[in-house]
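The values are calculated or read from the model by the stated rules, or taken from the named source; none is laboratory data. None of the values given here were measured: they were computed from a predicted structure. All Cβ positions, even for glycine, are placed from backbone atoms using ideal geometry, and neighbour counts span all protein chains on display.
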Amino acid sequence: MPTALTQVAADALGVGLRDVRVEFGDTSMPATGSPVGSNGAMMVSAAVHNAGIAVRDQLIALAVNDPASPLHGADPAKVNAADGRLTVGSGAGEPYTSLMQRHRMADAEAIGSWSPPPPDTPYGLLTFGAQFARVAVDADLGIVRVQQLAGAFAPGRVLNPRTARSQLMGGMLWGMSQALLEGNRMDPRTGRWASASLGDYLVPVNADAPEVDVELIEVDDHVTGPLGVKGVGEIGQVGSGAAIANAVYHATGYRVRELPIAIEHLLPNLPVTSTAVAGGSRPDPR
């Protein structure tokens, strides 16, 4: 998230990425929303954007009312901010530094805030997505191997394609882990969990990871906030397990109704041959 917030602040202020430093994780900082439930980037980026625009507008107002500024008398709506400079079209302009030094300003600040739309708004506020899986099931041993995962997601505006794609890919692998590996049972003799630590709790490693394809579909949606950001948290995970379970059903003809899908579920129900086919799942946007 710090990378995306740096980009948002730089864009709002009209400065370079190297000129922005994001600070957070300290109780001396302003309050912000919790980065869970796909809300982190959506909520915080909106507040950062509004704060940056407020600071930029302060400096534009200062410049157009300053007789010593090349922008004096210009229409504030026509002043552009880019690369640390205020300009009007391709004509007159000056850098922030000159303007602030002339007015003996050490800094300019503003507090940005944002409140999400009410829950009963008649719009879809969350990310939509669809996922698909290709699996192979060993007809003799009942072992399931995921050969490919693919997902297409529409998270509104994508702040950083690289980090968003990485987040979604991790979520899809997490869903694969839920579908085939993760599970814990209570030992009735001791009343303790059978897997007490990550040393014996199954999660996927690199050797388990299949080919993962992530497609991002940007949607211009400003109902959610000033930037149109929706978020890419759990959406990567929620459909992955369902797609794998559907693919297992298509390959074996047997519908497993609990996760993780274990060998003992499949062995008594396998046909003579099992083939790898695709299964799909569309996460419920609600």
* PRO67 passes all but one of (1) touching a helix residue (DSSP H, G or I) at 6+ places or on another chain (Cβ under 8 Å); (2) at pLDDT 90 or above; (3) assigned to a loop (DSSP other than H, G, I, E, B); which number fails? -> (1)
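Step by step: first the residues of the range 203-216, then only those that are part of a loop (DSSP other than H, G, I, E, B) and touching a residue at least 24 places away in the same chain (Cβ under 8 Å), then the one that is farthest from ASN184 (Cα to Cα). Which residue is that? Before you say what the answer is, go through the steps one by one.
Going residue by residue through the range 203-216, those that are part of a loop (DSSP other than H, G, I, E, B) are 203-205, 209-210.
Filter once more, so that each one left must be touching a residue at least 24 places away in the same chain (Cβ under 8 Å): 203-204, 209-210.
Working: VAL203: 12, PRO204: 15, ALA209: 21, PRO210: 24 Å.
Taking the candidates together, the pick is PRO210.
For (1) closer than 23 Å to ALA10 by Cβ; (2) surrounded by fewer than 13 Cβ atoms within 10 Å (Cβ to Cβ); (3) in contact (Cβ under 8 Å) with a residue 24 or more places away in the chain; (4) in contact with a Phe, Trp or Tyr (Cβ under 7 Å, 6 or more places away or on another chain), each residue gets a yes or a no:
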residue: ASP57; (1), (2), (3), (4): yes, no, no, no
residue: ALA68; (1), (2), (3), (4): no, yes, yes, no
residue: VAL79; (1), (2), (3), (4): yes, no, no, no
residue: GLY84; (1), (2), (3), (4): yes, no, yes, yes
residue: VAL88; (1), (2), (3), (4): yes, no, no, no
residue: GLU94; (1), (2), (3), (4): yes, no, yes, no
residue: ARG102; (1), (2), (3), (4): no, no, yes, no
residue: THR121; (1), (2), (3), (4): no, yes, yes, no
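Report, by residue number, each residue of the range 164-183 that is closer than 25 Å to ASP11 by Cβ and surrounded by fewer than 17 Cβ atoms within 10 Å (Cβ to Cβ).
Residues of the range 164-183 that are closer than 25 Å to ASP11 by Cβ, as a first pass: 164-168.
Selection gives SER166 alone.
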* May I ask you to list the residues in the range 212-232 that are charged (D, E, K, R) and crowded, with 22+ Cβ neighbours inside 10 Å? => LYS230
* Which of the residues that make up the range 243-274 are under 20 Å from GLY175 (Cβ atoms) and part of a loop (DSSP other than H, G, I, E, B)? -> ARG255, VAL256, ARG257, GLU258, LEU259, PRO260, ILE261, ALA262
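Only residues that are farther than 18 Å from ALA242 by Cα and not in a loop (DSSP other than H, G, I, E, B): list them for the range 170-202, please. Explain how you work it out, then say what you get.
Looking only at the range 170-202, we keep the residues that are farther than 18 Å from ALA242 by Cα, and these are 184-202.
Scanning the range 170-202 gives MET186, ASP187, ARG192, TRP193.
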